[in-house]
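Below is one structure; the comments refer to it alone.
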Amino acid sequence: MTVVLVEDDVGMRGALARVLEIAGLKVEAFASAEDCLASNIATRADCLVCDIRLPGESGFDLRRRLVRDGSTAPVIFITAHDSSAARGEARQVGAAAFLQKPFDGRTLIGAVREATRSTTGH
């Protein structure tokens, strides 16, 4: 299973990638929505873990573009800037989960497994 991780903070990106890899998942990590889109991997991902606030396009913008391009992969939004508006927009764009930083690795792995359960049949 491939998880695409989009997180602009290099330390957080590395830590989250390690947590996902230790859980046995393949991770493709990017610092921005634009880098993710340029790679074209997101259209083949099983799950997307995406920060909301990114340089350039936001995580919400990325989700909208991927859906427009035919992606059906579930998305888990992560943020240090929780608000009712952000949660509402996450629901509007079809988030499978919304995690407020800081969260522990088990919470992230559980969210990924739950989000992909219906799409992968596992």
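The values are calculated or read from the model by the stated rules, or taken from the named source; none is laboratory data. The model shown is predicted, which means the values in this text are computed figures rather than measured ones. Note: ideal-geometry Cβ built from the backbone for every residue, glycine included; neighbour counts use all protein chains shown. Only protein heavy atoms, including side chains, enter the accessible area calculation; ligands, DNA and RNA are left aside. Shrake-Rupley method; radii C 1.70, N 1.55, O 1.52, S 1.80 Å.
Quick one: with all protein chains in place, what share of the accessible area of the chain is carbon or sulfur, to the nearest percent (1.4 Å probe)?
Solvent-exposed carbon and sulfur of the chain make up 49 percent of the total.
Sequence gap at least 6, Cα distance under 8 Å: using those rules, report the relative contact order of the chain to the nearest whole percent.
Relative contact order of the chain: 23 percent.
Quick one: go through the stretch 66-96 and flag any residue whose amide nitrogen is under 17 Å from the point 7 Å out along the Cα-to-Cβ line of residue 53.
Label zone hits: 77-90.
Please state the shape class of the stretch 60-122: rounded when a/c is under 1.5, otherwise prolate if a/b exceeds b/c and oblate if not, all from the C-alpha gyration tensor.
Here the stretch 60-122 falls in the oblate category.
Using the Cβ atoms and a cut-off under 12 Å, what net charge is assigned to the surroundings of residue 58, where Lys and Arg are +1 and Asp and Glu are -1?
With Lys, Arg at +1 and Asp, Glu at -1, the net is -2.
Compute the relative contact order of the stretch 65-113 as a whole-number percentage, counting only Cα pairs closer than 8 Å that sit 6 or more residues apart in sequence.
Rounded, it is 41 percent for the stretch 65-113.
Whose amide H sits under 5 Å from the amide H of residue 53, counting only residues 5 or more places off or on another chain, with H placed in the peptide plane?
59
Report the gain in length on full extension from residue 43 to residue 61: 0.36 nm times residue separation, minus Cα-Cα distance, nm rounded to one decimal.
Here the segment from residue 43 to residue 61 would lengthen by 5.0 nm.
If a/c stays under 1.5 just call it rounded; otherwise compare a/b with b/c (prolate if a/b is bigger, oblate if not). Do that for the chain, with a ≥ b ≥ c from the square roots of the Cα gyration tensor eigenvalues.
Rounded.
Under 5 Å between amide hydrogens, which residues at least 5 positions from residue 5 or on another chain qualify, with H placed 1.01 Å from N in the peptide plane?
Amide H neighbours of residue 5: 28, 29, 30, 49.
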